[in-house]
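Structure first, commentary second.
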Amino acid sequence: MDMQGNRQLGVTQQQAWEALNNPDVLKACIPGCDKIESVSPEQFVIGMALKIGPVSAKFSGKISLSEMNPPASYTLNFEGQGGVAGFGKGVAHVQLIPNEAGCELSYQVNAQVGGKIAQLGQRLIDGAAKSLSEEFFKKFDAQTQVILSASNAAADQESSAIDSHSTQTATEQAKSSLFTVTNMVIAAAVLVAVYFVLR
């Protein structure tokens, strides 16, 4: 099963990368998500509860990141298991492309699914997947606008600070950015994993 798509985001490439690497942001945006934990800098575990038509299940999954090129692209491998409800596994290539309006998130995915979910009608699965995707991006857009507002406020404060304080703040932000990069990958990975577990 192959899929590709894109979404315009109203924040910069770096801000999107950071937001998608923030576990708190991801947990708030991913429908049914109740857990996102880092096992290592490149591996995460996720838990979520989903209902697609007559099938309801609690899914647990793993996400592994590779070929990371912050803040532009990465590759992720994912696998999710929902018991008899089904499973999903695959690989996704994700890119953040800067543009005048902010940046565009594009992805290409190859996945396999099985179990009861795979037996549901294609129209039902497509509808559920589209609904989950739209819900994620609606929440993610709201979260990134909050981040953008906070970033603008921080920038205003920095401009009025003395040089030494500005240098220290920039260093701290750089460290924070490295952490959020990892979180962004998780967010995109989770979204893709959820989509394909349902597809």
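The values are calculated or read from the model by the stated rules, or taken from the named source; none is laboratory data. On a predicted model such as this, the values are computed, not experimentally measured, just so you know. Cβ atoms come from the backbone with ideal geometry, glycine included; neighbour counts cover every protein chain shown.
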Of the conditions (1) among the polar types (S, T, N, Q); (2) closer than 23 Å to LEU26 by Cα; (3) assigned to a strand (DSSP E or B), SER133 satisfies every one except a single condition; which number is it? (3)
Failed condition for TYR195, given (1) in a helix (DSSP H, G or I); (2) at pLDDT 75 or above; (3) aromatic (Phe, Trp, Tyr): (2)
What number goes with the only condition from (1) closer than 16 Å to ASN21 by Cα; (2) free of Cβ contacts under 8 Å to residues at least 12 places away in the same chain that GLU100 does not pass? (1)
If we keep only residues of region 50-81 that are aliphatic (A, V, I, L, M) and within 27 Å of GLN119 (Cβ to Cβ), then the residue modelled with the lowest pLDDT is ILE52
Top-ranked residue in region 99-139 [being over 18 Å from LYS51 (Cβ atoms) and among the hydrophobic types (A, V, I, L, M, F, W, C); ranked as modelled with the lowest pLDDT]: ALA111
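So which of VAL94, VAL84, VAL55, VAL39 ends up being closer than 19 Å to SER131 by Cα and not charged (D, E, K, R)? Show your work before the answer.
Working: VAL94 fails: closer than 19 Å to SER131 by Cα; VAL84 fails: closer than 19 Å to SER131 by Cα; VAL39 fails: closer than 19 Å to SER131 by Cα.
Exactly one of VAL94, VAL84, VAL55, VAL39 is closer than 19 Å to SER131 by Cα and not charged (D, E, K, R), namely VAL55.
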So which residues in region 103-121 are under 29 Å from THR12 (Cβ atoms) and out of contact with any Asp or Glu (no Cβ under 9 Å at 6 or more places or on another chain)? CYS103, GLU104, LEU105, SER106, TYR107
Being of a type in the set (Asp, Glu), modelled with pLDDT of 70 or more, surrounded by fewer than 19 Cβ atoms within 10 Å (Cβ to Cβ) and closer than 30 Å to LEU50 by Cβ is the requirement here; does ASP156 meet it? no
Would you please list the contacts, defined by Cβ atoms under 6 Å and residues six or more apart or on different chains, that run from a residue in region 140-157 that is among the β-branched types (Val, Ile, Thr) to a residue that is surrounded by 12 or more Cβ atoms within 10 Å (Cβ to Cβ)? THR144/VAL11; THR144/ALA19; ILE147/ALA19
For region 34-53, how many residues are within 14 Å of GLY82 (Cβ to Cβ) and not charged (D, E, K, R)? 7
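Pull up region 107-130, narrow it to residues that are in a helix (DSSP H, G or I) and in contact (Cβ under 8 Å) with a residue 24 or more places away in the chain, then point me to the one that is surrounded by the fewest Cβ atoms within 10 Å (Cβ to Cβ). It would help to see each step written out before you state the result.
To start, the set of residues in region 107-130 that are in a helix (DSSP H, G or I) comprises 116-119, 122-130.
Checking the rest, the ones that are also in contact (Cβ under 8 Å) with a residue 24 or more places away in the chain come to 116-118, 124-126, 128-129.
Values: LYS116: 16, ILE117: 26, ALA118: 16, LEU124: 15, ILE125: 21, ASP126: 13, ALA128: 22, ALA129: 18.
In this case the residue turns out to be ASP126.
Can you tell me which residue within region 159-183, out of those that are in a helix (DSSP H, G or I) and over 30 Å from LEU76 (Cα atoms), is modelled with the highest pLDDT?
Across region 159-183, the extreme among qualifying residues is SER159.
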